[in-house]
Structures are given as structure tokens and as C-alpha cells.
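J.: Once you've had a glance at the structure underneath, I'll fire off some questions.
Throughout, read-outs are computed from the coordinates displayed, never taken from laboratory work. Quantities reported herein were computed from a predicted structural model and do not represent experimental measurements. Because the Cβ atoms are built from the backbone with ideal geometry, glycine has one as well, and the counts that use them run over all protein chains shown.
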Amino acid sequence: MRSLQQHGPVFALLLGLTVVAFGRLVTTPLWNPTDIQVLCEAHSLSSDSGSMFRHIGFYFSQPILQLAFMVEYRLFGIDPTGWIATNLLIHTINSFMVYMLVHMLFPTKKLAVLAAALFALGVGNYGKIFMSIHALESLLISTFHILVLYFFIRNDFRHGGRIISPLFVLGLGLYLMTGLTRNASFSLIGCLIAYKAFFYGTQRRRLATADILVFLVVGTLFHLAQSRWGHVQSILMVAPGEQFSLHSVKILFLYLVFMAFPIQQSTILRDAPAWVRWVFEIRYLVRGMISLAIVSFSFFGFVFGNRAIRFFIAWTFITLLPFSGFAPETSWLNLSHLYLTSIGFCVIMATAAIGTYNLLAGSGWRRHLPYLLPLIYVMVSVVLTHELDQRNRWIARQPQTLEAVAYLHGVCLVEPDDSQ
């Protein structure tokens with residue numbers, strides 16, 4: 001009851017912010033071809049859902065996602081409203097877990113609330129991940145990612161990292177779900193190791209402790225089983241035509257810069273106000289300055305920052321590694337890939353704002369100026385989400401989209417013939 005009284009209002013705040021910022025997305029009609037395909041597959045499986053459980057490959061090929069899509073199809077059918085509302089609810093839960101995680105690592109509750117609020121408002125990922133039905137995959141993976149870290153670190157704080165504890169068992173079970181949904185365990189293990197690297201010194205323990213080793217062994221065994229029975233996928237999520245090389249370092253920094261400067265060539269930019277297009281024209285100068293700022297902050301943050309700051313700087317880089325593969329024929333960056341990474345961005349921005357506010361405590365009204373930058377990013381996030389949604393609504397009105405939706409209705413709404 002005490003925890004509910006302490007943390008319940010924070011959850012209500014995050015839910016309110018999510019609804020205010022992104023609630024209108026639930027009225028957007030079907031627009032994404034992948035969503036239409038997902039709904040067709042969900043309808044096909046709904047006629048014989050037990051077939052999924054009758055082959056061993058199911059248990060190593062995203063079973064949690066398949067079951068989640070099945071449940072949503074039973075609840076909402078092909079109406080996108082319920083699906084998008086579910087995305088927003090999961091995002092709210094993720095935002096609340098960000099608050100719990102940051103509150104555990106930092107002594108200041110205000111910092112945790114601000115970081116979680118920025119994440120809830122889409123700062124760094126700008127809301128694109130909420131707009132499609134198939135984005136449930138990335139949202140659930142992120143949920144498991146954050147929960148595993150939370151229970152792992154909580155177990156380290158309370159029980160010294162013992163592997164015989166309810167917190168560790170719960171975290172390990174969620175880790176298996178993460179691995180079972182997708183090979184996101186690569187970045188998850190990286191974050192766990194980063195935590196140990198920056199916090200183990202205060203615990204006077206080795207980096208290669210039993211809890212880390214158990215996660216590594218279980219993850220390795222799972223991937224061996226998946227390669228034999230399940231859906232084969234590279235551990236670094238390489239899409240067809242993508243590859244990893246030294247050029248991936250450039251892709252990594254392009255994504256980091258894109259998170260801070262979310263402008264790239266698109267139809268939205270073509271119709272944007274003149275001043276936005278002017279800013280885009282000087283993008284090389286702006287991106288160069290942001291890149292230098294990222295390198296500088298990362299270096300000095302590691303040297304002079306506290307353990308929690310170092311951990312979230314490492315988080316920012318590690319969670320982008322799976323998406324640093326590149327296809328030579330494309331230079332387009334996907335905002336959805338920044339969802340987990342933006343947690344580190346929000347934590348760092350909140351830390352800087354509150355830290356500067358404390359330094360200016362005796363400066364009158366000027367002490368509030370550090371909150372101007374987070375406010376600007378919130379405005380950018382809301383405006384960009386609105387523009388993306390307007391584009392999606394336009395796509396939904398196009399003849400090819402209407403034809404695909406009509407086909408979906410024909411597949412899903414045909415009554416079975418009982419005479420056969």
C-alpha cells in the first residue's frame with residue numbers, strides 16, 4: 001500500500017501525459033501494409049490457434065509475440081483503435097519502469113520523474129513506434145528489456161546478486177521471454193555487463209559474477225536451440241542486404257545525431273515551414289557540432305560522471321549496436337530504432353537540467369532556464385508526431401491502401417460455410 005501511494009501518482013501522471021500527447025493516434029485508420037499482413041496472419045491462426053503449439057520451433061520463434069497478436073485479434077479484430085491504444089498502454093508501463101529504474105540508481109526522485117516524463121512524451125524517439133500495429137513487437141521487447149534490468153539490479157542491491165532469490169528467478173524468466181521474442185538479448189546482456197562494470201567496485205565483487213554467468217549460459221543455450229529448431233536470425237538483427245563493418249560506427253553516430261536533431265529528407269520536410277527547411281540546409285554544420293558534443297560528453301561523462309551517468313551513457317551506445325548494420329543502397333534512418341536508446345538520452349537530459357538548476361539555485365528566475373531545453377524537445381516531439389500522423393492518414397486515403405483494407409475485410413469478415 002505504501003508503494004502504491006508513493007509511486008501510483010507517478011504512473012497516473014505518465015498515463016495522462018501519454019494520452020494527451022498521443023491519444024489522437026487511436027483514431028488513425030489502417031495505413032501500414034505490414035499491419036494489414038499481420039492482421040491477415042492473425043485471422044488465419046485464429047481458426048486453429050492450437051497449431052502453434054504442436055511444433056517445437058514455435059517455442060524458439062517469437063511465441064510471446066504470436067500469442068500477444070492472437071489475444072489482441074480476439075479482443076479488437078481488425079479495428080486499429082484497440083491495437084494502438086494497447087501500444088500506448090505498454091508505452092506508459094515502459095515509462096513507469098524507466099522511472100523505477102532511474103529512481104533506484106539515482107538518489108533524486110525528481111530526476112527519475114523528469115526522465116520518465118520526457119520518455120513518455122516521446123523525446124528521442126518522437127512517437128513513431130506507437131503508430132503501427134506491428135510495433136507491438138518492439139514495445140514488448142523493450143518492456144522485457146527494462147524489467148530484466150530492473151529485477152537484476154534490484155536483486156544485486158537487495159541480495160548481493162545471489163542466483164537463489166525470487167528477484168533473480170523472475171528476471172531470468174523475463175530474459176527468456178526477451179530471447180524468445182527476438183534476439184534482443186545481445187544488447188540486454190551488454191547493458192547487464194555495463195551495470196556490473198560501473199557498480200561492482202562498490203560491491204567489492206568480480207565482474208564475472210554468478211548472476212551474469214547464468215544469463216550468458218542461458219542465452220547461449222537458447223540461441224543454439226533456436227538455430228536448430230526455431231526461426232534463424234542473426235544475433236545483431238541484420239536485415240536482408242545489411243552488413244556490419246567499420247561503416248557501422250558512422251551509422252551509430254548518425255542515429256545518435258538523429259535523436260538530437262530529428263530532421264532528414266522526407267515528404268514531411270518538403271511541406272515543412274521555411275525556417276525548418278533552412279535549418280535542414282545547414283544540417284552538416286549542425287550534425288558536426290552535435291557529433292562533437294556527443295563525443296565530448298561521452299568522454300567527460302565517463303571520466304567525471306557518477307556510476308549511474310556512466311551506465312546510461314553506455315546504455316545509449318549498446319542499445320543502438322543491433323541497428324548499426326547498413327544497406328549500401330539506403331541512407332534512411334528509422335526513428336523506431338531509437339526507442340530504447342532514447343531512455344539514456346532522456347536520463348542524461350534530465351540530469352543536466354536538474355544539475356544546472358541546482359547550481360543556479362541563488363539566481364532567481366534564471367535558475368529555471370535549464371528546463372528550457374527539455375521543453376523544446378517535448379514540443380518538437382509532439383509536433384513531429386502530429387506531422388507523422390498526418391502523413392499516415394494521407395497514406396490511408398490512397399487507392400492502394402483502400403484496396404488492401406478492402407481485401408482484409410473480405411478475408412476476415414466472411415462467414416464460414418456451415419454446410420461443408
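J.: Using label points projected 7 Å from each Cα along Cα→Cβ, tell me how many nm separate ARG24 and TRP229, to one decimal.
T.: Using points 7 Å along Cα→Cβ, the separation is 4.9 nm.
J.: If I build a Gaussian network model for the chain, linking alpha-carbon pairs within less than 10 angstrom, which residue out of ALA12, ALA314, ALA21 has the largest mean-square fluctuation?
T.: Result for the chain, Cα springs under 10 Å: ALA12 fluctuates most.
J.: Another question, then. Where is the GNM fluctuation largest for the chain (alpha-carbon springs, 10 angstrom cutoff): LEU45, LEU375, LEU246?
T.: LEU246
J.: Once both labels are modelled 7 Å past Cα along the beta-carbon direction, what's the VAL286-TRP332 spacing in nm?
T.: Modelled inter-label distance: 2.1 nm.
J.: Run the simple label-point estimate for LEU221 and ARG158 please: 7 Å along Cα→C-beta, distance reported in nm.
T.: For the pair LEU221/ARG158, the computed spacing is 2.5 nm.
J.: Obtain the radius of gyration and the Kirkwood radius of segment 2-412 from its C-alpha atoms and give Rg over Rh.
T.: 0.96
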